[in-house]
Amino acid sequence: MKILSILAQKPSSTGSGIYLTEVLKSFRKMGEEQAVVYGITKEDKVPEFSGVKAYPVYYESTDLPFPVLGMSDEMPYRSTRYRDLTEEMLEAFRLAFLKRVREAVQEFQPDLVLCHHLYLLTALVREAFPGLTIYGFCHNTDLRQMEKHGLKREFIRENIRKLDRIFTPKEAQKKEVIRVYGVEPDKIRNIAIGYNAERFKLPKEDIIYREGIPRRRTVRLPNGEILEKGEALDLLFAGKLGEKKGVFSLLRAVESLFHEEKEKSSLRLFLAGDNGNLTEKEAVYRLAESCSYPIHFLGRLEQEELVKFYQFSDIFTLPSFFDAVPLTVLEALACGNKVVLTALEGLEDFFIENTPASPVFFVQLPKMQNQDEMKKEDMAAFETKLKESIRKATEYTYKNMVSISFLSWDAICKNILDCKD
């Protein structure tokens with residue numbers, strides 16, 4: 001089968017970018033012919049998709065003279081918010097992407113088109129190519145954009161309803177897709193998410209054991225410093241360094257826990273990620289400077305480097321205010337971490353259904369404003385709950401590793417193709 005994948009932003013750095021990249025790899029292993037359209041800038045390293053015909057669309061160029069459009073308002077790289085698009089910018093976006101998609105369709109002649117995000121580009125592609133079989137992936141940020149502002153909302157709704165199939169990560173997203181877009185329920189299939197089981201796994205060389213689970217003995221920081229696995233409890237966060245991912249709350253919660261537990265144990269926190277919003281990023285660094293425990297900023301890591309920190313850490317923390325099923329959680333579990341995670345809608349059900357024995361500790365969220373904004377008066381109580389969940393994770397004895405290898409990208413790709421038969 002000939003499959004064309006389409007993404008309006010970079011095929012890296014974010015959950016949807018990694019999703020696209022991993023799906024391309026799995027389809028390649030299955031022997032499918034592929035092409036891909038994606039957004040990028042001239043400054044970026046062009047990704048290497050072995051055996052895949054690439055049709056990049058360049059932002060910050062003559063045809064598209066603004067930074068990459070981001071499905072989140074705060075991206076890990078310089079970006080443009082959809083809500084800030086003018087009519088001229090919208091038209092430039094439409095022309096630039098549809099030009100490349102037309103080239104791909106004419107040259108590649110796809111049997112199936114896979115569009116990531118139920119948003120503007122997917123709607124444009126559906127309208128422009130009514131005769132093609134087009135499937136769309138919900139990545140949750142598309143739902144947030146539809147709810148937070150009215151950019152081309154009715155145009156998007158109308159064309160998303162015309163997709164041949166829609167994939168959602170879990171039941172909560174399926175219900176939201178029905179509500180937000182008015183899609184017929186029988187068009188939607190929950191296919192969960194996957195992780196790269198060949199990369200994300202327990203360490204096997206130069207290891208020590210923590211509670212029966214092998215951990216890396218050492219890890220090298222980006223500055224070249226080598227840290228050894230000692231008595232300290234090592235916590236890891238991976239994602240955008242911003243308020244909506246709960247980073248400020250995490251820093252404060254760990255500070256409180258550190259003062260309460262410093263006679264019993266020491267703590268270290270590793271933060272992997274970046275933020276294209278420099279003001280917010282600097283605020284994270286300022287707060288970190290006031291903390292009493294060691295904090296290591298790792299920057300944005302490629303997956304082959306991130307896996308080393310998963311294998312070194314004890315607890316992975318992601319106190320996000322809004323998410324679907326974060327890929328990083330599966331990666332962390334596969335590498336032997338306990339996980340502290342906010343109880344976002346449907347997440348507890350997802351883990352109960354798919355991997356009930358995994359050591360995942362949920363933090364209850366208060367009622368949010370605008371889907372992903374926490375009221376100031378609720379912040380202190382939330383951070384106390386976050387601290388207690390981290391404490392529970394530290395006290396939990398984890399001796400028998402839980403396998404989640406069935407949640408693979410290969411299985412997801414098989415489910416996608418089963419819909420075409």
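The values are calculated or read from the model by the stated rules, or taken from the named source; none is laboratory data. Everything quoted here is computed from the prediction, not taken from an experiment. Quick reminder, even Gly has a Cβ in these numbers, built from the backbone with ideal geometry, and neighbours come from all protein chains shown.
The figures follow:
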| read-out | value |
| --- | --- |
| Filtered residue count, the range 388-408, keeping only those that are touching a Lys or Arg at 6+ places or on another chain (Cβ under 7 Å) and in contact (Cβ under 8 Å) with a residue 60 or more places away in the chain | 2 |
| Qualifying residue in the range 208-217 (condition: closer than 30 Å to E388 by Cβ, within 24 Å of the chain's Cα centre (by Cα) and modelled with pLDDT of 90 or more) | no |
| Number of the condition not met by R94 [criteria: (1) under 30 Å from R179 (Cα atoms); (2) buried (at least 24 other Cβ atoms within 10 Å of the Cβ)] | (2) |
| Candidates Y58, Y19, filtered to the one that is under 30 Å from K281 (Cβ atoms), aromatic (F, W, Y), modelled with pLDDT of 95 or more and surrounded by 16 or more Cβ atoms within 10 Å (Cβ to Cβ) | Y58 |
| Hits in the range 287-319 - residues which are crowded, with 24+ Cβ neighbours inside 10 Å and among the hydroxyl-bearing types (S, T, Y) | Y310, S313, T317 |
| Residue that is farthest from the chain's Cα centre (by Cα) [pool: residues in the range 230-245 that are modelled with pLDDT under 95 and surrounded by 19 or more Cβ atoms within 10 Å (Cβ to Cβ)] | L233 |
| Strands (runs of 3 or more DSSP E) completely within the range 175-247 that count 2 or more residues being in contact (Cβ under 8 Å) with a residue 12 or more places away in the chain and either among the hydroxyl-bearing types (S, T, Y) or more than 20 Å from F361 (Cα to Cα) (or both) | 188-190, 213-216, 218-220 |
| Number of positions in the range 160-174 that are among the β-branched types (V, I, T) and part of a helix (DSSP H, G or I) | 1 |
| Selection from the range 12-41 of residues that are part of a helix (DSSP H, G or I) and in contact (Cβ under 8 Å) with a residue 40 or more places away in the chain | G15, S16, I18, Y19, L20, E22, V23, K25, S26, F27, K29 |
| Residue in the range 263-273 that is in a loop (DSSP other than H, G, I, E, B), polar (S, T, N, Q), touching a residue at least 60 places away in the same chain (Cβ under 8 Å) and more than 27 Å from I18 (Cβ to Cβ) present | yes |
| Options L85, L124, L120: the member that is buried (at least 16 other Cβ atoms within 10 Å of the Cβ) and without any contact (Cβ under 8 Å) to a residue 60 or more places away in the chain | L124 |
| When residues of the range 382-421 are limited to those that are in a loop (DSSP other than H, G, I, E, B) and touching a Leu at 6+ places or on another chain (Cβ under 8 Å), the one surrounded by the most Cβ atoms within 10 Å (Cβ to Cβ) | I404 |
| Count - residues of the range 246-284 that are surrounded by fewer than 20 Cβ atoms within 10 Å (Cβ to Cβ), of a type in the set (S, T, Y) and at pLDDT 90 or above | 2 |
| Checklist (1) more than 25 Å from A192 (Cβ to Cβ); (2) under 17 Å from the mean Cα position of the chain (by Cα) applied to E43, failing item | (2) |
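Conditions (1) farther than 23 Å from F167 by Cβ; (2) outside the structural domain of S12 (by TED's automatic domain parsing); (3) in contact with a Phe, Trp or Tyr (Cβ under 7 Å, 6 or more places away or on another chain); (4) of a type in the set (D, E, K, R), marked per residue:
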| residue | (1), (2), (3), (4) |
| --- | --- |
| T62 | yes, no, no, no |
| Y82 | no, no, no, no |
| L90 | yes, no, no, no |
| A96 | yes, no, no, no |
| D111 | no, no, no, yes |
| H116 | no, no, yes, no |
| L121 | no, no, yes, no |
